[in-house]
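Step one of this worksheet: look at the structure below.
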Amino acid sequence: MNETHKSVQEHYGKILGSKNDLKTKSCMCDQDAYSKEVRDVLPLVADEIIQKSYGCGSPIPPLLEGITLLDLGCGSGRDVFVASKLAGPKGLAIGVDMTEEQIALAKSCQEKQRVIFGFDESNVVFHLGYMENLRDAGIEDDSIDVVISNCVINLSPFKEDVFKEIWRVLKPGGELIFSDVFADRRMPEWAAKNLTLLGECLGGAMYVGDFRRLMGRVGFVDCRHVSVSPLPIDDEEIYRQIGFVSFTQRTIRAFKIEGLEDACEDYGQTAVYDGGIPGLPHFFDLDDHHRFFAGKPKLVCGNTAAMLSQSRYGKFFKILGDIAVHYGAFDCAEGSSSNGHAVNASGQSSACGC
Ligand SMILES: C[S@@+](CC[C@H](N)C(=O)[O-])C[C@H]1O[C@@H](n2cnc3c(N)ncnc32)[C@H](O)[C@@H]1O
């Protein structure tokens, strides 16, 4: 534990009484961002949990039934409980957080949520621990299907360790999906030490360009934006201090797949979604510029084909072709019937990747 950890624990354990005490919207999620599945479960989650939840996005993906999911920095456990309901009695949702007060609250609601969800046994486990060292929390190599995190990784002084741990614990083909605050430049050192800015999830926000490089070093060479939205700073004092930085809230998806390439390459492959993912009969969005309509073949790059075929989404996709013949670079923006676009570090439109 270092000084940053201590300050963050103090902030989330003692200073913040509820989400109403936040000065900015950085730890708040727009309700429209939630999928219908998630919106249906949220009213079943106890109010004391909701009041102490500080997430900035909706990193809960579809297709959770029967899987093992890990939430890093789970706080009061809102997303863990939602995921546990969607994972069902054969699934397992694990939450790790370093703040005693938050984990105590989550544990105190475990039995109540089990009864509300109608499960014979709780399928939820909470650990007090650090996301930089998941071994101490007993999380083994290649043991997790999905890692989620909601407005937490910006708070870590050791971000590369966090992503190395995520890569270690995910099963091959496993999915990382997380929401966080990002900056359009490297944050000045003083900002990461300013307790208000840090606690509001601004001071430690990652610069998108450095994030992409870090992910590549760890193994996640192609990570995709699921959503990107601007985060305006309304608080006058905070704006005075840091208003020269443009912040965004982003939800990012990546897979533990060996051999992905650092750019989109054309092997002449197509993917067809069969419409079978529960709750998604019409289309599946891999990211903000890949919407797969049920039954409609779509040209894809080698990385997208690998993500769709080697992850748990694979059984709902038919991939035609392999990577035997290379046809040159693939323009993912061109090859998709776009429902949005990826935005790179400089705010320009890009194809795949963060
Ligand atoms: C902004 S809150 C988000 C909580 C939760 N994800 C939610 O959506 O309500 C940040 C949480 O991350 C936890 N946290 C911060 N750094 C951590 C670390 N290094 N290891 C584990 N938990 C951490 C804090 O204790 C706090 O509960």
### Query
Which condition number in (1) open to solvent by 20 Å² or more (accessible area, probe 1.4 Å); (2) over 23 Å from E175 (Cβ atoms); (3) not hydroxyl-bearing (S, T, Y) is the one that D285 fails?
(2)
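Tell me the residue from L44, L72, L22 that is within 12 Å of the ligand (Cβ to nearest atom), surrounded by fewer than 23 Cβ atoms within 10 Å (Cβ to Cβ) and hydrophobic (A, V, I, L, M, F, W, C), please.
Details: L44 fails: within 12 Å of the ligand (Cβ to nearest atom); L72 fails: surrounded by fewer than 23 Cβ atoms within 10 Å (Cβ to Cβ).
Of the residues listed, the single one that is within 12 Å of the ligand (Cβ to nearest atom), surrounded by fewer than 23 Cβ atoms within 10 Å (Cβ to Cβ) and hydrophobic (A, V, I, L, M, F, W, C) is L22.
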### Summary
Contact list, first residue from the range 156-173 and under 14 Å from R217 (Cα atoms) and open to solvent by less than 10 Å² (accessible area, probe 1.4 Å), second anywhere and away from the ligand (no atom under 12 Å from the Cβ) and assigned to a helix (DSSP H, G or I), beta-carbon distance below 6 Å, six or more apart or interchain, is F163/V218
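Quick check on my filter: what residues within the range 299-346 are modelled with pLDDT under 70 and open to solvent by 50 Å² or more (accessible area, probe 1.4 Å)?
Initially, the range 299-346 is screened for residues modelled with pLDDT under 70, giving 334-346.
E334, S337, S338, N339, H341, S346 - these are the residues of the range 299-346 that are modelled with pLDDT under 70 and open to solvent by 50 Å² or more (accessible area, probe 1.4 Å).
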#### Entry: Wholly enclosed helices (runs of 4 or more DSSP H) of the range 1-86 bearing at least 3 residues more than 25 Å from G174 (Cα to Cα)
3-10, 47-51
#### Entry: Pair list, Cβ under 7 Å, 6 or more apart: the range 78-104 residue aromatic (F, W, Y), other residue away from the ligand (no atom under 12 Å from the Cβ)
F81/Q113; F81/V124
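Could you please let me know if I257 is among the hydrophobic types (A, V, I, L, M, F, W, C), touching a residue at least 60 places away in the same chain (Cβ under 8 Å), open to solvent by less than 60 Å² (accessible area, probe 1.4 Å) and closer than 18 Å to S179 by Cα?
Values: among the hydrophobic types (A, V, I, L, M, F, W, C): yes; touching a residue at least 60 places away in the same chain (Cβ under 8 Å): yes; open to solvent by less than 60 Å² (accessible area, probe 1.4 Å): yes; closer than 18 Å to S179 by Cα: no.
No; evaluated as a whole, the condition is false for this residue.
Got a sec? Which strands (runs of 3 or more DSSP E) wholly within the range 239-323 have at least 2 residues that are under 20 Å from the mean Cα position of the chain (by Cα) and under 16 Å from G353 (Cβ atoms)?
Details: elements: 247-255, 269-273, 283-287, 290-293, 298-300, 317-320.
The qualifying strands (runs of 3 or more DSSP E) are 247-255, 283-287.
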### Task
Evaluate the range 126-145: report whether one residue or more is within 15 Å of the chain's Cα centre (by Cα) and more than 12 Å from the ligand (Cβ to nearest atom).
yes
### Message
Here are the criteria: (1) touching a residue at least 12 places away in the same chain (Cβ under 8 Å); (2) in a helix (DSSP H, G or I); (3) surrounded by fewer than 24 Cβ atoms within 10 Å (Cβ to Cβ). Tell me which single one F119 does not satisfy.
### Response
(2)
## Note on the structure
When the range 157-196 is checked residue by residue, the ones that are within 15 Å of the ligand (Cβ to nearest atom), closer than 15 Å to C56 by Cβ and not aromatic (F, W, Y) are I177, S179, D180, V181
### Query
Restricting the first residue to the range 34-51 and requiring it to be closer than 26 Å to G13 by Cα, which pairs with a second residue that is among the charged types (D, E, K, R) and open to solvent by less than 10 Å² (accessible area, probe 1.4 Å) meet a Cβ separation below 8 Å and a spacing of at least six or different chains?
none
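The values are calculated or read from the model by the stated rules, or taken from the named source; none is laboratory data. Please read all numbers here as calculations on a predicted model, not as lab measurements. Heads up, the Cβs are rebuilt from the backbone with ideal geometry, glycines too, and the neighbour counts pull from every protein chain shown. Calculation scope for accessible area: heavy atoms of the full protein, side chains included, ligands and nucleic acids excluded. Shrake-Rupley method; radii C 1.70, N 1.55, O 1.52, S 1.80 Å.
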